Every structure is written in structure tokens, then in C-alpha cells.
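Chemist: Submitted below is the structure of interest, expressed as C-alpha cells.
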Amino acid sequence: VPVAHLLEHLVPLVLRLQANDWFTSRISACGLFAAAYGRLPAESKAEIRASFTQLCHDDTPMVRRAAASNLGSFAAAMHAAGDEELLKTELLPLFAALSADEQDSVRLLAVENCVGVGQLLSVSANQAVVLPIVRSVSQDRSWRVRYVVAEHLCEL
């Protein structure tokens, strides 16, 4: 698909879905960010990242859950596009926020994506950012979150 088609059709679609009042549209947008990111120019990438950030801080837990579920694929798309620095400065704080969310289902999905995010980072970045998050969620008040941490411990 040519970049012009992405800019003309996909990016406006994602931004429209993200800005919609219905949470189902915002949930749908979460799955499209990674598909669109890799071939976009820098200005559109910034728009896409800002939209994803808004969805990670959405008031509706189902939207945050969808964002947490798609965080790993979006991080992989950013890494593949050569945006490692932006991954560290913009996406890792979102990862930390989602792993400390008030809803255990959001924290659970953030932990499941921890492995994918950790594989994209250097050892020092993992020790500085991912390891403290893993330590905190391993002592989470929800048994489901602790179970997911134990389930993925070897990979982490």
C-alpha cells in the first residue's frame, strides 16, 4: 500500500476512531496503531503516538485494557521503524502507568506485554525500567496479576 493511501485513509480513520465518543471505536483504534506506524512520515508518527497516549490514559477501563493489550505490538512497530529513543521516552512511561493501573485486568495485560517490550530494550534499559515494574507487579494485590508474572517469569 502506498504511503499516500496510508496518509489519506488509514491515519484519518485511526484518529477518527480514537476521538469517537463510543468506547468501542476507541478499542478498535488500539489495534490499528502498530499496522500504520512503520511506513508513516515523522509528523504522522507523532500524531499516532499522541493518540495512543490518550488511549492509554482513557477514562474507560476497556479502552485502557485494549491499549495495554496492543502495547507490545506498537512497541515492536516503533522499534522496527528505528524509533528506539522515542520508545524509551514515550512508550515506557505508558507501560509503567498501565502496569500500575487501578484495574487489575489492565495491569494483567501490561505484564503480558512486558516480555515483548523487554526483548526490544538493552540489558541496562531493562534493569532501569522493566525490572522495577516486574518487581512491583510481582507483589500486586491481585492474585491474577501475580499469577501472570509467575507464568512469564522465565521469559522476563
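The values are calculated or read from the model by the stated rules, or taken from the named source; none is laboratory data. Since this is a predicted model, take the numbers as computed values, not measurements. Virtual Cβ from ideal backbone geometry, glycine too; neighbours counted across all protein chains shown. Calculation scope for accessible area: heavy atoms of the full protein, side chains included, ligands and nucleic acids excluded. Shrake-Rupley method; radii C 1.70, N 1.55, O 1.52, S 1.80 Å.
Chemist: Go through (1) open to solvent by 10 Å² or more (accessible area, probe 1.4 Å); (2) closer than 28 Å to Ser25 by Cβ; (3) of a type outside the set (Asp, Glu) for Ser124 and report which single condition fails.
Modeler: With respect to (1) open to solvent by 10 Å² or more (accessible area, probe 1.4 Å); (2) closer than 28 Å to Ser25 by Cβ; (3) of a type outside the set (Asp, Glu), Ser124 is out only on (2).
Chemist: Can you pull out the residues in the range 113-135 that are under 11 Å from the mean Cα position of the chain (by Cα) and not small (Gly, Ala, Ser)?
Modeler: Scanning the range 113-135 gives Asn113, Cys114, Val117.
Chemist: Hey, another quick one. Output the qualifying pairs, or none if there are none: Cβ atoms under 6 angstrom, residues six or more apart or on different chains, first residue in the range 44-65 and over 12 Å from Ala29 (Cα atoms), second residue not in a helix (DSSP H, G or I).
Modeler: If the second residue must be not in a helix (DSSP H, G or I), the pairs left are Pro61/Gln103.
Chemist: What number goes with the only condition from (1) more than 18 Å from Cys30 (Cα to Cα); (2) open to solvent by 20 Å² or more (accessible area, probe 1.4 Å); (3) not basic (Lys, Arg) that Glu90 does not pass?
Modeler: (1)
Chemist: Select from the range 16-38 the residues that are touching an Asp or Glu at 6+ places or on another chain (Cβ under 9 Å) and modelled with pLDDT of 90 or more and write down the one among them that is surrounded by the most Cβ atoms within 10 Å (Cβ to Cβ).
Modeler: Arg26
Chemist: Kindly establish whether Gly118 is small (Gly, Ala, Ser), open to solvent by less than 60 Å² (accessible area, probe 1.4 Å) and over 21 Å from Ser28 (Cα atoms).
Modeler: Here the answer is yes, as Gly118 does meet what is asked.
Chemist: Now for a different question. Here is a check on your reading of the model: is Ala96 hydrophobic (A, V, I, L, M, F, W, C), touching a residue at least 24 places away in the same chain (Cβ under 8 Å), over 26 Å from Val14 (Cβ atoms) and open to solvent by 30 Å² or more (accessible area, probe 1.4 Å)?
Modeler: no
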